[in-house]
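Heads up: the structure comes next, in structure tokens.
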Amino acid sequence: MVKEADSQRDFSVGRVSGNIAAQAVPLTIAQLVQLLYNIVDRIYIGHLPDIGSVALTGVGITFPITTLILAFANLFGTGGAPLFSIQRGARNEQRAREIMGNVFTMILGTSVIVVGFCYLVRTPMLYLFGASDDTIIYAESYLEIYLMGVIFSMIVTGMNGFISALGFPKTAMLTTVIGAVLNLILDPILIFGFSMGVRGAALATVISQCVSAIWVMHFLIANKTGISLKIRYMKLKAQTVKNVLSLGVSGFMQQATNCLVQIVCNVTLRNYGGDLYVGIMTIINSVREIVSLPITGISSGGQPVLGYNYGAKKNDRVKQGIRFMAITGIVYTAVMWLVIELFPSAFIRIFSSDAETIELGARALRIYFMGFVFMSLQFMGQSTFVGLGKSKRAVFFSILRKVVIVFPLTMLLPMIMGLGTDGVFLAEPISNLVGGLACFLTMYFTLYRKL
């Protein structure tokens, strides 16, 4: 049994595709369950009697803030876990322990700063992000409770990747399964049973994230691999911090630019279509998160495998991994693109029973997901850069797609040829095409062919 566990943690042996799949499947399930924290909240809120649509819009206004908070967790987690894998592959366990300990310290410190700032400026910030007088009450009610659990959500998001990097993807999956099951139980009790509405949804999330964080910390402190989380490795070291931030800035920029785009989309949609379209964008974001899960699972599962073999100087295995990730991603996104184009209303009905929302939302969903297949190219190129420690290229393409392409298009397209709200949704497929091709082709010619 011990030999089997050791083999699972050594990514330099066995089929590369098998190693990636063994990591990706549990991670995808874990990410799906993680999504249930928010998705189930939105489903319940969207179907609240009388106030469902406006309440869902209010909660949607908070997405840029929650996204930005998770961006900081990704800054440390996606920066630390690949470096951790590379050091494990090089058999440098002392360095691996320092990376994990420093990441945990950065997460704790940042969570305190982020929560304090958000509490102080929450009301003007929500108005800036697209809230109206009708939706602000629901946005504030949700955010005030959600901020109480930020430290737990940052620990789960930032540290769970180390469990996977140690070769225990099933344990990492259980992190979110435990919390999500608890959230599923608490949501109807608090939202409807105690008549707490959006505050009940937020409280259910906080409690669930707390339990998940306890699970993560228990494993990392008590695990028997020999690389555990210890206080003596939590003292920040300048070079370690620099290395983690340098690589993690890609994950941070991806989330931070998502935050920027969400803000611009909310404000533009409010100006051109009102609160109804802000609510539709909330639903579309939810659908995108769900259907993108297998791609993010393959990306996340592939990074430790690529990093481990790169550190072990097994370049042929690295190339095999890149090919497997690319082919799998392209096939999946092509299939999902077809499904969404054929049955858009089915996805909207999950979150709302309002006839107008379903009709307008189905049209918007079709536009938004045109060329979805090109998004997989962005994911694959980006994850390869991050997995192999090529932080500058990963950062560049994070900025290119969201800031250079999506941001200006979201503001300009609604004014062109009377596109209005359609222009907001059209910005996404254009960015997928241009940004995805640029990222993947750069990875192929500058990295893959030189391995």
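The values are calculated or read from the model by the stated rules, or taken from the named source; none is laboratory data. Small disclaimer: the values here were computed from a predicted structure and weren't measured. Cβ sites come from the backbone with ideal geometry, for glycine too, and all protein chains shown count toward neighbours. SASA here: full protein model, heavy atoms, side chains in, ligands and nucleic acids out. Shrake-Rupley method; radii C 1.70, N 1.55, O 1.52, S 1.80 Å.
By the rule of a C-alpha distance below 21 Å, with chain neighbours fewer than 8 residues away ignored, the lysines paired with K313 are K390, K450. Using C-alpha pairs below 8 Å separated by at least 6 residues, the relative contact order for region 250-404 is 36 percent. As a length-normalised measure over Cα pairs under 8 Å and 6 or more apart, the relative contact order of the chain settles at 24 percent.
Quote to one decimal, in nm, the extra length available between Y444 and I430 on full extension: 0.36 nm per residue of separation minus the C-alpha distance between them.
Working: separation 14, 0.36 × 14 = 5.04 nm, distance 2.13 nm.
That pair, Y444 and I430, stretches by 2.9 nm at full extension.
The 3J(HN,Hα) values that the Karplus relation (6.51, -1.76, 1.60; θ = phi - 60°) gives for region 344-354 are, in residue order, x, 5, 4, 6, 5, 5, 4, 10, 7, 10, 6 Hz. Gly and Pro appear as x.
Remark: for residue pairs K314/K402; K230/K402; K319/K392; K170/K314; K235/K402, the C-alpha separation exceeds 30 Å in K314/K402; K230/K402; K235/K402.
Counting heavy atoms of the protein chains alone, F104 has an accessible area of about 20 Å² for a 1.4 Å probe. When you restrict to C-alpha pairs under 8 Å that are six or more residues apart and normalise by the size of region 327-444, the relative contact order lands at 31 percent.
Computed from phi, the 3J(HN,Hα) profile of region 389-405 under the Karplus parametrisation 6.51, -1.76, 1.60 (θ = phi - 60°) reads x, 8, 5, 5, 5, 4, 5, 4, 6, 5, 5, 4, 5, 8, 7, 7, 9 Hz, with x in place of Gly and Pro.
Q382 sits among other residues whose Cβ lies under 11 Å from its own Cβ, and their net charge, with Lys and Arg +1 and Asp and Glu -1, is +3. Quick check: the distance between the Cα centres of region 408-451 and region 119-146, to the nearest angstrom? One Cα centre to the other: 30 Å.
One decimal place: the segment S353-S246 gains 34.0 nm when fully extended, by the rule 0.36 nm per residue minus the C-alpha distance. With a Förster radius of 60 Å applied to the beta-carbon distance between V13 and F192, the computed FRET efficiency rounds to 0.70.
In region 129-217, what percent of the accessible surface is made up of carbon and sulfur (1.4 Å probe, ligands and nucleic acids excluded)? Mind dumping the intermediate values first?
Working: 2190 of 2960 Å².
In region 129-217, the share of accessible area belonging to carbon and sulfur is 74 percent.
In the chain, the longest principal axis of the Cα atoms and the axis of helix 238-273 are about 20 degrees apart. Ranking Y444, I327, I155 by Cα position along the charge dipole of the chain, where only Lys, Arg, Asp and Glu carry charges on their C-beta atoms, puts Y444 farthest toward the positive end.
In debye, nearest 20, what is the charge dipole magnitude of the chain about its Cα centre with +1 on Lys and Arg Cβ and -1 on Asp and Glu Cβ, if you could check? All intermediate terms of the calculation are to be shown ahead of the outcome.
On the way: 34 positive and 21 negative charges, 529 e Å.
Around 2540 debye, computed over the chain.
The residues neighbouring G116, those whose beta-carbon lies less than 14 Å from its own, together hold a net charge of 0 under the Lys/Arg +1, Asp/Glu -1 convention.
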